[in-house]
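Remarks on the structure that follows.
The values are calculated or read from the model by the stated rules, or taken from the named source; none is laboratory data. It should be emphasised that the depicted structure is a prediction, and the values quoted were computed from it without experimental measurement. Cβ coordinates were reconstructed from backbone atoms using ideal geometry, including for glycine residues, and neighbour counts include every protein chain displayed. Remember, those area values only see protein heavy atoms, side chains included, never the ligands or the DNA or RNA. Shrake-Rupley method; radii C 1.70, N 1.55, O 1.52, S 1.80 Å.
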Amino acid sequence: APPLELPPMADEFRHHMEIERRLSPHTVAAYLRDLREFAAFWLERHGHPLDRQGLPRLAADDLRGFLGYGLRAGLSKATLQRRLASVRSWLNYLEREGILDRNPGPLIGAPKQGLRLPRAPSAEETQRLLESRLQRPGRPEPLWVALRNVAALELLYTSGMRIGELCRLNRLDVDITHGDARVLGKGKKERIVPLGRLARAALTQYLLARDRAVPPLGPNEPLFIGVNETPGDRRLNPRIVQRLLEGLRRQLGLPESLTPHALRHAFATHLLEAGADLRAIQELLGHASLSTTQRYTHLDHTALARAYDAAHPRAHRRKESA
């Protein structure tokens with residue numbers, strides 16, 4: 001089948017997303033994919049392509065029909081929400097540029113999606129993972145690769161960074177002596193995250209072993225490198241970390257929910273259980289909204305009861321009189 005066509009002003013909208021909003025390549029690709037689907041729906045619905053002359057005829061019923069088409073195709077509510085967000089963002093851009101006088105986007109409500117709390121691994125599960133040999137079963141590897149695996153997972157858990165942020169780190173981004181790292185997050189926003197004692201020790205061991213086994217790559221070399229990557233781009237692929245964790249999870253009998261991103265959830269949840277301030281966790285995670293951080297953190301009833309007993313004045317009095 002021929003590739004789906006993009007609607008009008010899509011190239012300009014792409015530039016807007018990449019340069020002005022500084023969205024990630026993955027997000028830009030998802031938005032454009034959704035716009036192609038909308039343009040295909042318009043063609044099927046109206047019998048002619050959506051061109052610039054047809055934009056004024058674009059109505060709320062077209063957006064409702066697009067959502068209904070996806071619903072009948074069995075798409076999840078999350079996918080439908082993303083599709084609507086993509087089309088709305090494009091329509092908002094057209095309105096801002098003076099191309100669209102009447103924007104039907106705000107007239108359509110997104111499908112409601114139930115709140116799903118992320119399943120963060122417990123402190124015991126995380127400890128079992130990080131104390132394992134951290135080698136893929138049946139795949140003997142050089143010492144520096146095994147130490148790289150240890151350092152990568154320690155860093156994911158101790159800093160709460162995303163797997164893409166981890167793999168984008170350069171050697172100069174990490175200050176092992178002072179114990180912090182400069183992370184480039186979503187929207188090209190930088191933040192400083194602390195490194196725990198065990199992560200600093202693991203990084204030191206990895207870099208010593210790597211420098212003995214691998215020729216130096218220059219001052220802006222990646223912090224984590226792969227084995228089979230091309231000489232011009234030796235940066236570790238995030239998929240390697242995902243496969244490593246998948247193998248370890250099966251080997252140790254840990255839940256399927258234990259993914260690299262679950263370590264980010266664990267970082268936030270375990271900090272909150274220990275009494276850390278939610279806004280401080282927000283800064284460490286690089287979230288723009290506190291509500292996003294709240295979705296990343298959840299406490300069990302035992303932790304909540306412990307926090308209540310430790311903090312509430314009436315709880316103190318009850319304990320003193322007992």
So, first residue within 10 Å of residue 180 (Cα to Cα) and at pLDDT 95 or above in the range 191-207, second residue open to solvent by less than 10 Å² (accessible area, probe 1.4 Å) and in a strand (DSSP E or B), Cβ within less than 8 Å, six or more apart or across chains; the pairs are none
Note on the range 287-297: residues open to solvent by 40 Å² or more (accessible area, probe 1.4 Å) and modelled with pLDDT of 75 or more are 288, 289
Of the residues in the range 208-225, those that are modelled with pLDDT of 90 or more and either in contact with a Cys (Cβ under 8 Å, 6 or more places away or on another chain) or assigned to a loop (DSSP other than H, G, I, E, B) (or both) come to 222, 223, 224
If you go through 8, 49, 2, 104, the only one that is farther than 22 Å from residue 188 by Cα, in contact with a Leu (Cβ under 9 Å, 6 or more places away or on another chain) and modelled with pLDDT under 85 is 8
Exercise. Does residue 50 satisfy the criteria of being within 16 Å of residue 66 (Cβ to Cβ), touching a Ser or Thr at 6+ places or on another chain (Cβ under 8 Å) and of a type outside the set (Ser, Thr, Tyr)?
Worked result: no
When you check residue 89 against the structure, is it part of a helix (DSSP H, G or I) and either in contact with a helix residue (DSSP H, G or I) (Cβ under 8 Å, 6 or more places away or on another chain) or at pLDDT below 80 (or both), yes or no?
yes
Residues in the range 259-282 that are open to solvent by less than 10 Å² (accessible area, probe 1.4 Å), more than 20 Å from residue 168 (Cα to Cα) and either of a type in the set (A, V, I, L, M, F, W, C) or touching an Asp or Glu at 6+ places or on another chain (Cβ under 8 Å) (or both) total 3
- prompt: Within the range 72-86, can one find any residue that is part of a loop (DSSP other than H, G, I, E, B), open to solvent by less than 60 Å² (accessible area, probe 1.4 Å) and hydrophobic (A, V, I, L, M, F, W, C)?
  reply: yes
Report yes if residue 11 is on the phi < 0 side of the Ramachandran plot, part of a helix (DSSP H, G or I), surrounded by 18 or more Cβ atoms within 10 Å (Cβ to Cβ) and among the acidic types (Asp, Glu), otherwise no. no
Residue 256: passes all of (1) within 22 Å of residue 130 (Cα to Cα); (2) modelled with pLDDT under 80; (3) in a helix (DSSP H, G or I); (4) not hydroxyl-bearing (Ser, Thr, Tyr) but (3)
Pairing a residue in the range 171-185 that is free of Cβ contacts under 8 Å to residues at least 40 places away in the same chain with any residue that is β-branched (Val, Ile, Thr) and open to solvent by 30 Å² or more (accessible area, probe 1.4 Å), where Cβ atoms lie under 7 Å and the two sit 6 or more apart in sequence or on different chains, gives 176/204; 180/192; 182/192
Hey, any hits in the range 20-28 for a residue that's under 27 Å from the mean Cα position of the chain (by Cα), among the hydrophobic types (A, V, I, L, M, F, W, C) and open to solvent by less than 30 Å² (accessible area, probe 1.4 Å)? yes
Considering the range 165-190, residues that are surrounded by 14 or more Cβ atoms within 10 Å (Cβ to Cβ), of a type outside the set (D, E, K, R) and not in a strand (DSSP E or B), and then whichever is modelled with the lowest pLDDT, we arrive at 185
- Item | Filter result for residue 43 (more than 26 Å from residue 165 (Cβ to Cβ), part of a helix (DSSP H, G or I) and either in contact with a Lys or Arg (Cβ under 7 Å, 6 or more places away or on another chain) or aliphatic (A, V, I, L, M) (or both)) | yes
Checked the range 259-281 for anything over 15 Å from the mean Cα position of the chain (by Cα) and either in contact (Cβ under 8 Å) with a residue 12 or more places away in the chain or not in a loop (DSSP other than H, G, I, E, B) (or both); matches are 269, 270, 271, 272, 273, 275, 278, 279, 280, 281
